[in-house]
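Colleague: The structure is given below, and queries will be raised subsequently.
Please treat every number below as a calculation from the coordinates, not as lab data. These numbers come from a predicted model, not from an experiment. Cβ: placed from backbone, ideal geometry, glycine included. Neighbour counts: every protein chain shown.
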């Protein structure tokens with residue numbers, strides 16, 4: 001308003017017109033409502049619908065239709081190329097029961113999901129707490145170094161770890177050789193017992209920095225005086241972490257946990273595909289890579305879609321359980 | 001039992017339970033079969049149960 005000092009908000013002008021509500025004089029025209037409000041509401045509704053329509057059409061076209069198609073195709077046998085499709089009912093699903101390779105891929109997926117989630121979330125929280133609460137020298141550098149893998153393409157990470165795990169000149173075996181520890185050298189990507197954990201290490205390395213930064217942003221928003229008050233009461237850093245930090249970033253943690261469960265399934269596919277191709281002898285196969293193999297390499301599209309339905313159901317169920325297990329009232333601070 | 005002792009015992013029990021669940025997943029993976037897969041899924045549910053039991057008092 002003219003005459004106000006710069007930076008002040010304009011004051012609301014006192015209302016002098018007719019008031020709606022019980023105190024309004026009989027016969028006065030309402031500001032909103034009445035005979036003209038219904039067409040206006042309808043007009044607003046149409047406008048909102050027109051704005052939403054492009055997004056809804058795209059969502060239906062690229063999300064709903066393909067998802068429904070996956071479910072539909074799981075009841076058919078089809079090579080993926082020929083025009084002949086044959087309805088087989090639940091045959092694809094019953095065939096899964098006798099498929100040992102499917103069971104192995106399922107077991108590998110569950111193992112990666114559990115181990116990678118626990119390690120990534122645990123280390124991410126720990127490192128975030130250290131970076132936020134401790135006055136470390138060069139912590140910006142550490143943060144940068146830990147965050148860099150999140151910016152890299154997964155295929156680049158697969159190439160890096162293929163080089164790290166190389167049998168002859170890889171970083172690990174080369175270091176062991178230089179230290180005269182030849183007995184500890186392993187065929188990291190060729191040993192059936194080790195290959196999945198080699199992929200798990202790459203997954204943790206790729207995800208850790210991203211989740212650490214997310215937790216750090218949550219921790220940075222906690223007021224310092226809360227920690228000061230607890231320190232005056234004699235709380236140790238560990239006690240502060242469990243009694244202050246963890247409860248106050250819980251919503252953050254909950255969202256990332258649910259998100260990670262879904263992304264771990266996808267990430268494992270890309271890394272397995274690029275690092276091992278599911279080998280040796282299918283020992284690092286995960287559900288998505290096995291689905292891909294069946295649908296696009298083995299020309300069993302319907303069978304692949306049946307595996308897709310299992311993946312969908314499994315991911316959905318685990319995400320739902322995680323969401324239920326971590327649900328709580330958000331704390332205000 | 002003192003409140004602090006009870007709290008320490010509870011934390012230890014939960015940590016042990018979570019570690020056992022992760023261990024079971026790693027060990028059961030070595031054998032391919034529906035039985036082993038079922039054991040792994042039970043361990044996964046066990047982990048989520050530990051998480052839910054920790055979260056219960058904050059609801």
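Colleague: Shielding by partners for A:191-199, please: the mean number of other protein chain Cβ atoms within 10 Å of each residue's Cβ.
Modeller: Other-chain Cβ atoms within 10 Å of each residue's Cβ, averaged: 1.
Colleague: Right, something else. For an R0 of 25 angstrom, estimate the FRET efficiency from the Cβ-Cβ distance between residue A:79 and residue A:100 and round to the nearest 0.05.
Modeller: 0.60
Colleague: Which angle from 0 to 90°, rounded to the nearest 10, does the C-alpha axis of helix A:250-275 make with the longest principal axis of chain A?
Modeller: Around 40 degrees separate the two axes.
Colleague: Can you give the log10 of the normalised intensity I(q)/I(0) at q = 0.15, 0.16 Å⁻¹, computed with Debye over equal Cα scatterers of segment A:91-325?
Modeller: The Debye formula, applied to the Cα set alone, gives -1.06, -1.14.
Colleague: While we're on this one: Semi-axes of the protein assembly as shown's equivalent ellipsoid from the Cα gyration tensor, sqrt of 5 times each eigenvalue, largest first, rounded to whole Å?
Modeller: Working from the Cα gyration tensor, I get semi-axes of 47, 36, 23 Å.
Colleague: Further question: Restricting to Cα pairs below 8 Å that are 6+ residues apart, what does the relative contact order work out to for chain B? Please round to a whole percent.
Modeller: So the answer I get is 34 percent.
Colleague: Related question: Quick one: A:212, A:63, A:291, fewest Cβ neighbours within 10 Å first, how do they rank?
Modeller: Ranked by crowding around the Cβ, least crowded first: A:63, A:291, A:212.
Colleague: Could you please rank A:87, A:102, placing first whichever residue has the fewest other Cβ atoms within 10 Å of its Cβ?
Modeller: Fewest-to-most Cβ neighbours within 10 Å comes out as A:87, A:102.
Colleague: Taking each residue of A:245-252 in turn, how many C-beta atoms of other protein chains fall within 10 Å of its C-beta, and what is the average?
Modeller: 1
Colleague: By how many degrees, 0 to 90 and rounded to 10, does the Cα axis of helix A:139-151 deviate from the longest principal axis of chain A?
Modeller: Tilt of helix A:139-151: around 70 degrees.
Colleague: Would you mind telling me which residue in A:284, A:221, A:236 has the biggest mean-square fluctuation in a Gaussian network model of chain A, where springs connect alpha carbons within a distance under 10 angstrom?
Modeller: Largest GNM mean-square fluctuation: A:236.
Colleague: Find, to one decimal place in angstroms, the Kirkwood hydrodynamic radius of segment B:3-56, where the mean of 1/r is taken over every pair of different Cα atoms and then inverted.
Modeller: Value: 11.9 Å, from the Cα pair sum.
Colleague: Would you mind getting me the FRET efficiency between residue A:156 and residue B:7? Use the beta-carbon distance for r and R0 = 41 Å, nearest 0.05.
Modeller: In this case the efficiency is close to 0.35.
Colleague: Same structure again: Given a Förster distance of 22 Å, report the FRET efficiency between residue A:262 and residue A:324 from their Cβ-Cβ distance, rounded to the nearest 0.05.
Modeller: My answer for the efficiency is 0.90.
Colleague: Right, next: Separation between the residue A:53 and residue A:142 pseudo-spin-labels, each 7 Å from Cα along Cα→Cβ, expressed in nm?
Modeller: Inter-label distance under the simple model: 5.6 nm.
Colleague: What value, in deg cm²/dmol to 500, does the helix sum -39500 (n - 2.57) over DSSP H runs of n ≥ 4 give at 222 nm once divided by the residues of chain A?
Modeller: It comes out at -20000 deg cm²/dmol, rounded to the nearest 500.
Colleague: A follow-up question, please. Just counting partner chain Cβ atoms within 10 Å, what average do the residues of peptide B:48-54 show around their Cβ?
Modeller: 4
Colleague: Where does helix B:34-56 land angle-wise versus the long Cα axis of chain B, in degrees 0 to 90, nearest 10?
Modeller: Taking Cα atoms only, the helix is inclined about 20 degrees.
Colleague: What list do you get for A:116, B:42, B:24, A:48 if you sort them by fewest beta carbons within 10 Å?
Modeller: A:48, B:42, B:24, A:116
Colleague: Roughly how many nanometres apart are two label points built 7 Å out from the Cα toward the Cβ at residue A:193 and residue A:220?
Modeller: 4.5
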